[in-house]
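J.: Can you keep this structure in mind? I'll have questions shortly.
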Amino acid sequence: MSKHTRLAPLVLAAALTGLLAACGDDKPDESTYTVPTPPAGDRSANSIFGKGGIPLIDSSNDSAQPGGVALGVGVNAFLWRASLDTVSFMPIASADPFGGVILTDWYAPPETPTERFKINIFILDRQLRADGIRTAVFKQTQTADGRWVDSPVDKKTAGDFENAILTRARQLRVASVNTAQN
């Protein structure tokens with residue numbers, strides 16, 4: 001029996017497993033999603049390889065849905081955008097729109113160069129809700145010998161960031177509704 005003949009059943013089993021997994025009915029409810037519209041009627045933006053390519057999303061319904069959730073993104077789009085806007089003064093170390101996690105790098109304010117801050121933002125929901133976001137703020141201070149040591153952060157600071165993000169998200173949502181009505 002040749003090497004290829006022995007591997008054939010394994011390859012066939014792997015291919016069938018992949019096909020069967022793709023047939024599952026765990027498709028998300030698309031009624032809560034918005035589908036981004038391509039610029040100036042160009043439907044090629046919704047496919048791989050341009051016009052006539054493999055579609056990335058179902059573009060049969062281009063009407064905007066309430067809620068600000070984009071197809072394929074597991075978090076609220078308004079909270080996501082507002083989070084990025086709120087920490088735009090800090091360098092972003094990592095941003096995962098599918099998992100809803102934004103991690104900043106250390107930032108030292110010019111007024112206090114011996115202190116630096118880092119913020120982790122977690123978007124927890126697809127709805128624009130106050131409990132749909134959590135932040136963690138970290139602070140370090142520089143010692144006389146140049147080392148950075150962890151320092152306590154006022155518990156109110158994380159709440160202030162969450163409130164700033166929620167305020168910005170509400171502004172974005174109102175602007176979106178006003179634009180849709182015009």
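What follows is calculated from the coordinates using simple rules that are stated; it is not laboratory data. Note that the structure is predicted; figures quoted are calculated from it, not measured. No Cβ is skipped: glycine too gets one built from the backbone with ideal geometry, and neighbour counts run over all protein chains shown.
J.: Rg and Dmax of region 77-181, using alpha carbons, in Å: what are they?
T.: So, for region 77-181, Rg and Dmax equal 15.4, 59 Å respectively.
J.: Here's something else I'd like to know. Would you mind counting up the charge near Arg147? Only other residues with Cβ under 14 Å from its Cβ, with Lys and Arg at +1 and Asp and Glu at -1. Kindly include the intermediate steps, with their values, before the conclusion.
T.: Working: positive: Arg116; negative: Glu115, Asp145, Asp150.
After counting each charged neighbour, the total is -2.
J.: Continuing with this model, one more query. Once you list every other residue whose beta carbon is under 12 Å from the beta carbon of Ala93, what net charge do they have if Lys and Arg are +1 and Asp and Glu are -1?
T.: Overall, the nearby charge balance is -1.
J.: Over region 77-181, what is the relative contact order in percent, taking alpha-carbon pairs closer than 8 angstrom and at least six residues apart?
T.: Numbers: 161 pairs, mean separation 25.1, N = 105.
The normalised contact order for region 77-181 reaches 24 percent.
J.: Give me the net charge for the shell around Ala77: Cβ to Cβ below 10 angstrom, other residues only, Lys and Arg +1, Asp and Glu -1. The partial results should precede the final answer.
T.: Values: positive: Arg81, Arg126, Arg173; negative: none.
Residues near Ala77 contribute +3 overall.
J.: Would you mind putting 75-87, 133-145, 151-163 in packing order, based on average other-beta-carbon counts within 10 Å, highest first? List each step's numbers first, then the result.
T.: Details: 75-87: 23.0, 133-145: 14.8, 151-163: 13.2.
The packing order, highest mean first, is 75-87, 133-145, 151-163.
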